[in-house]
1. For the list (1) within 14 Å of the ligand (Cβ to nearest atom); (2) surrounded by fewer than 18 Cβ atoms within 10 Å (Cβ to Cβ), I need the number of the one condition that Q90 fails.
2. Of (1) closer than 21 Å to E326 by Cα; (2) surrounded by 22 or more Cβ atoms within 10 Å (Cβ to Cβ); (3) not basic (K, R), A213 satisfies all except one. Which?
3. Select from the stretch 304-326 the residues that are surrounded by fewer than 15 Cβ atoms within 10 Å (Cβ to Cβ) and under 21 Å from V208 (Cα atoms) and list them in ascending order.
4. Can you pull out the residues in the stretch 192-207 that are closer than 17 Å to K247 by Cβ and either touching a Phe, Trp or Tyr at 6+ places or on another chain (Cβ under 7 Å) or away from the ligand (no atom under 12 Å from the Cβ) (or both)?
5. Of the conditions (1) outside any loop (DSSP other than H, G, I, E, B); (2) within 12 Å of the ligand (Cβ to nearest atom), P150 fails just one. Which one is it?
6. I'd like the residue in the stretch 75-117 that is at pLDDT 95 or above and small (G, A, S) and, out of all such residues, is nearest to the chain's Cα centre (by Cα).
7. I need a count of the residues in the stretch 169-184 that are without any contact (Cβ under 8 Å) to a residue 40 or more places away in the chain and within 16 Å of A72 (Cβ to Cβ).
8. Kindly list the number of the only condition in (1) assigned to a helix (DSSP H, G or I); (2) within 16 Å of the ligand (Cβ to nearest atom); (3) of a type in the set (V, I, T) that fails for V335.
Amino acid sequence: MPDKFGFSTKALHIGQPVEKEFNSVVPPIYMTTTYKQDSPGEPKSYDYTRAGNPNFGFLEETLASLEQANYATIFNSGLSAATSILSKLQPGERVISIDDVYGGTFRLMKNTFIGHHVESVFGDINNEEWLKNELEKGARLVWIESPTNPLLTLADIQKIAELAHAHNAELVVDNTFASPYFQNPLLLGADLVLHSSTKYIGGHSDIVGGCAATNSKEWKEHLDYARKAIGFNPSPFDAWLLSRSIKTLAVRMNKHQENALELAKRLDSHPKVKTTIYPGLESHPQHQLAQKQMSGYSGIVSVLFDLDLEQTKKLISSFKLIKLAESLGAVESLVCHPASMTHASIPRELRIAHGLEDGLIRISVGLEDVEDLWIDITSVLGTVEK
Ligand SMILES: *Cc1c(COP(=O)(O)O)cnc(C)c1O
């Protein structure tokens with residue numbers, strides 16, 4: 001069943017086989033570590049679950065089809081997927097990435113064993129001169145996110161892929177914020193796509209997981225090898241749960257977007273709001289690029305309030321429905337405060353220079369009735385004095 005089907009049909013039918021013994025419509029959970037061999041060294045299909053499991057295979061088939069990829073490999077977290085990709089690099093090889101790369105990815109590239117053998121540089125990927133200059137110094141990978149966290153900056157994936165390829169580098173796109181529903185980077189020339197399935201793909205704040213998709217057989221073999229060799233397998237149960245979550249990915253993403261756009265519009269005209277950042281707003285500086293390379297704008301809205309640090313902290317601690325928590329992409333709305341949470345370790349001056357002001361919050365807009373979310377925000381806003 002290749003790509004003639006639409007996204008939702010693929011999500012429901014590819015990698016979701018009817019079970020053979022009892023014709024159960026939902027594939028069972030293969031909660032096993034090992035598989036009986038008929039003769040030594042000749043397993044039927046799998047030998048040990050760290051290397052492979054039917055539930056991994058089913059989910060990989062679904063994810064590959066949704067990312068329009070030949071292959072996908074699943075991992076026990078987004079960062080395991082990232083580590084596995086980076087583990088292909090030889091000592092001294094370089095990665096060019098973005099200033100506002102996900103904090104965990106930055107930590108991985110700078111502070112862990114990966115950082116000891118791979119050199120990483122970070123900058124403004126939309127500055128073509130900088131990027132060309134870095135590419136000319138030699139790089140194995142360019143590693144981007146689009147949209148980024150929390151300022152929702154886009155990168156022109158097609159253009160960056162062309163530049164990278166012209167310099168013998170490959171392009172990795174962390175597609176977590178868009179989900180495969182709104183953006184397929186491989187179609188724009190990327191070589192690898194990475195997701196934290198913990199976010200939209202899982203979508204219910206109950207599974208940590210990750211995946212990488214590619215058209216390259218060599219990369220697929222590397223990813224499978226890395227999972228087995230490093231020990232980055234998820235549990236069959238988590239893989240099964242993700243296969244279940246994926247069935248509703250399209251309806252969830254449509255509703256996330258509908259709610260996010262409505263909230264963004266309303267916030268944008270609220271007197272206490274300085275700026276509303278959402279790629280679906282015409283005021284977003286890269287709205288046209290979003291229209292070109294995405295099929296929708298996803299569900300994250302960042303808002304800069306005309307409030308100081310304490311007022312902003314009070315605001316987001318006082319919401320009744322919108323939960324103050326890390327993470328994003330779930331059915332329930334979550335809010336976070338970059339200045340005191342995800343980006344607290346960056347000195348204030350530097351943080352503000354990068355646009356992460358004290359009054360900035362990030363809302364992962366959930367699937368609640370949008371009117372209730374609006375009441376939650378505005379009723380508290382009225383009590384925070386400026
Ligand atoms: C959460 C996240 C990750 C890391 O994924 P985990 O599943 O938490 O390991 C990577 N990239 C982005 C953009 C994320 O939001």
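1. All conditions are met except number (1).
2. If we test A213 against (1) closer than 21 Å to E326 by Cα; (2) surrounded by 22 or more Cβ atoms within 10 Å (Cβ to Cβ); (3) not basic (K, R), just (1) comes out false.
3. Listed by number, the list holds a single entry, E326.
4. Within the stretch 192-207, G203, H204, D206 qualify.
5. The one condition P150 does not meet is (1).
6. That would be G78.
7. Of the stretch 169-184, the ones without any contact (Cβ under 8 Å) to a residue 40 or more places away in the chain are 170-171, 173.
Now drop any that are not within 16 Å of A72 (Cβ to Cβ), which leaves 173.
So the answer is 1.
8. Just one mismatch for V335, condition (1).
The values are calculated or read from the model by the stated rules, or taken from the named source; none is laboratory data. All figures in this text were calculated on a predicted structure; none of them were measured in a lab. With ideal geometry, Cβ positions are generated from the backbone for all residues, glycine too; neighbour counts draw on all protein chains shown.
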